[in-house]
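The values are calculated or read from the model by the stated rules, or taken from the named source; none is laboratory data. Since the structure is predicted, the reported quantities are computational estimates derived from the model, not experimental observations. Positions of Cβ are generated from backbone atoms using ideal geometry, with glycine treated the same way; all protein chains shown enter the neighbour counts.
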Ligand code: 3HC
């Protein structure tokens, strides 16, 4: 099973085996020719399952990802910051919607995906299980988490599945605004009082390594990457995107006058990349297993929102039934 090196719940994650039938070969030729696969096209069952797994978990990440920053909307330091944060959190809800809709084109219903999230059977990005302790965390999330998300999502704009690639184009445009507003917060704090700069450094210390882990396990420990790359779902490997993120972000931290919390970080002239210290994969696996600082809180908040919204679903269902009855009557 794929969990070698990753002690995470396997869940229903059978790894699709690359079949070799005539239709599979024709399908692969389309992917290799960079054609877009659309919902009504023939596709291997493993391709469909992989996309449902990845897109639904991506959507869950956006949906749960609203919570850490949402926690600061009522406490933003100014009206301007509050307005920016409200629109950012609202964007994340929209991203979840695009992605749930993209997943629905593969035959899975919204209620089923919701149930997978609320019962803990589906994953969402580990990063959202960390607390936002100060206002600087809101800046660090925009700068680092949305920065990492952009790095990971831009290649998906070119992925083989049409609805997913198209959803990503709009998402990436909005993510770049998210990243810039976060970096602006960090710039204001790092140029502020000593206490503000200290707050920014503490936030970088908390969010640096969880952001580096967002890109997933190392390539040799990634059970899905080879298959997903063959199918054009994953265009760039986990480690390559991670390295790109680090190479871009370290100079940004230096410009802020902040120190990346990695004593082994150093520029490698020969590699033309930064070398980093060891990633704590035990922490990564523990957070994914549900043992992170906020896992329970995040799912409780999502279950409560679902329960509180039951009356909206009932009203919508009653309205739809009434409308259908009226249409049927009018048609008689
Ligand atoms: N958190 C939780 N689980 C993770 C993870 C993470 N950071 N990274 C990997 N995993 C899980 C995978 O889901 C998989 O488990 P599963 O089989 O039960 O689904 C297992 O670890 C093995 O990882 P692989 O690398 O083999 O899996 P993938 O090929 O799916 O690659 C991925 C992982 C790179 C995250 C890929 O799924 C992906 O690109 N997903 C789409 C983008 C996404 O979800 N980004 C995350 C956050 S969205 C965001 O940040 C929103 C922004 O607005 C803030």
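For residue 328, are the conditions met, namely being loosely packed, with under 14 Cβ neighbours inside 10 Å, within 15 Å of the ligand (Cβ to nearest atom) and either over 27 Å from the mean Cα position of the chain (by Cα) or in a helix (DSSP H, G or I) (or both)? Against the criterion (loosely packed, with under 14 Cβ neighbours inside 10 Å, within 15 Å of the ligand (Cβ to nearest atom) and either over 27 Å from the mean Cα position of the chain (by Cα) or in a helix (DSSP H, G or I) (or both)), residue 328 does not qualify. Confirm whether residue 124 is surrounded by 22 or more Cβ atoms within 10 Å (Cβ to Cβ) and not in a helix (DSSP H, G or I). So residue 124 passes the test. Does residue 250 qualify as being under 19 Å from the mean Cα position of the chain (by Cα), closer than 30 Å to residue 188 by Cβ, modelled with pLDDT of 95 or more and in a helix (DSSP H, G or I)? So residue 250 fails the test.
Yes/no matrix, rows are residues, columns are (1) more than 9 Å from the ligand (Cβ to nearest atom); (2) surrounded by 24 or more Cβ atoms within 10 Å (Cβ to Cβ):
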| site | (1), (2) |
| --- | --- |
| 146 | no, yes |
| 165 | yes, no |
| 179 | yes, no |
| 186 | yes, yes |
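Looking only at region 221-231, which residues are more than 6 Å from the ligand (Cβ to nearest atom) and either within 14 Å of residue 54 (Cβ to Cβ) or not in a helix (DSSP H, G or I) (or both)? Answer for region 221-231, where residues must be more than 6 Å from the ligand (Cβ to nearest atom) and either within 14 Å of residue 54 (Cβ to Cβ) or not in a helix (DSSP H, G or I) (or both): 227, 229, 231. Of the residues in region 85-121, how many are under 17 Å from residue 162 (Cβ atoms) and either modelled with pLDDT under 95 or assigned to a helix (DSSP H, G or I) (or both)? Total meeting the criteria: 7. Screening the candidates 80, 110 for the property of being over 17 Å from the mean Cα position of the chain (by Cα), farther than 14 Å from residue 57 by Cβ and surrounded by 13 or more Cβ atoms within 10 Å (Cβ to Cβ) yields one hit, 110.
All conditions in (1) surrounded by 13 or more Cβ atoms within 10 Å (Cβ to Cβ); (2) touching a strand residue (DSSP E or B) at 6+ places or on another chain (Cβ under 9 Å) hold for residue 301, with the sole exception of (2).
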